[in-house]
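Below is one structure, written out as structure tokens; the observations come after it.
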Amino acid sequence: MSQFITRLLLLCLVAFGSASINAIAAEPQPPLEMIKQTADRLIAKLKADEAVIRKDPTRIYALVSDIVLPRFDFERMASWVLGKHWRTATPVQREKFVAEFRNLLVRTYATSLTDYTDRSITYAPVRADPGATEVTVHTAVEQPGAAAIPIDYSLALKNGEWKVYDVAIDGVSLVTNYRTSFSNEIRKSGLDKLIAKLAQRNQTNQPAAAVPAPAASAKPRSQAP
């Protein structure tokens, strides 16, 4: 996996966790407030479980699954990552790909998780029209002796909750990076082979598929594939 994807996903983990299970569907927790509160929850849990995780690193997988990933709209992300291949995929292929893509992110997040628990995070006010159903939350992760790294979360309302459908660092989209890599894999071997390859790597605890760094920055997508 490229250094870009590793860096992106690990920094996403620091800056984003899971929303409160008590959110009211009729009036969802504001995106910025949700991200702030749940990032604190995630970091606190990592610190509290540090000794346990040191003895059994696989415990991080459950932590990531429980706290981080429920706030992502994986079906939407998967459909954009596959692009035109999503439209031609069977329901079974779609279900399998979403499952393996989710597992891929779990293992990538967990790769070097504990190295990022002491970073400071800054948040910019969310600018959106009243009643907006899609917003972007701008954050930045401080780095000792270097410029802060901007991380932007694209969220949309789904069933009364805000869900992340893309994450970008310095304007470079997670969805776009995986879309390029997976498209190349599908052209060479087909969708079933890609799914099998992801499943094999997930089962052998490899963090993610090899994804090349982008040739140019790309903003998060805001339209259907």
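Within the set of other residues whose C-beta is less than 13 Å from the C-beta of Arg187, count the net charge using Lys and Arg as +1 and Asp and Glu as -1.
Working: positive: Lys84, Arg179, Lys188, Lys193; negative: Glu185.
Neighbourhood net charge equals +3.
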If each residue's Cβ is checked for other Cβ atoms within 10 Å, how do Val164, Val135 rank with the fewest at the top?
Val135, Val164
Convert each backbone phi in segment 179-193 into a coupling constant with the Karplus relation 6.51 cos²θ - 1.76 cosθ + 1.60 (shift: θ = phi - 60°), then list the ³J(HN,Hα) values in order as whole Hz, x for Gly and Pro.
4, 5, 5, 5, 4, 5, 4, 5, 4, 7, 10, x, 5, 4, 5
Can you give the charge dipole size of segment 38-163 about its Cα centre, rounded to the nearest 20 debye, using +1 on the beta carbon of Lys and Arg and -1 on the beta carbon of Asp and Glu?
380
If we count other beta carbons within 10 Å of each Cβ, what is the order of Arg187, Arg179, fewest first?
Arg187, Arg179
Can you sort Lys55, Lys47 so the residue with the fewest Cβ neighbours within 10 Å comes first?
Lys55, Lys47
Neighbours of Ala51 by Cβ distance under 14 Å: Lys/Arg at +1, Asp/Glu at -1, summed charge +2
Expected vector for segment 125-136, Karplus 3J(HN,Hα) from phi with 6.51, -1.76, 1.60 and θ = phi - 60°, integer Hz, x for Gly and Pro, equals x, 7, 9, 8, 5, x, x, 4, 9, 9, 9, 10
Would you kindly compute the Cα radius of gyration of segment 47-102 and its largest Cα-Cα separation (Dmax), both in Å?
15.4, 47
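Every number here is computed from the coordinates shown, using simple stated rules; none is lab data. What you are looking at is a predicted structure, and each value in this text was computed from that prediction instead of being measured. Don't worry about glycine lacking a Cβ; one is built from the backbone with ideal geometry, like all the others, and counts go over all protein chains shown.
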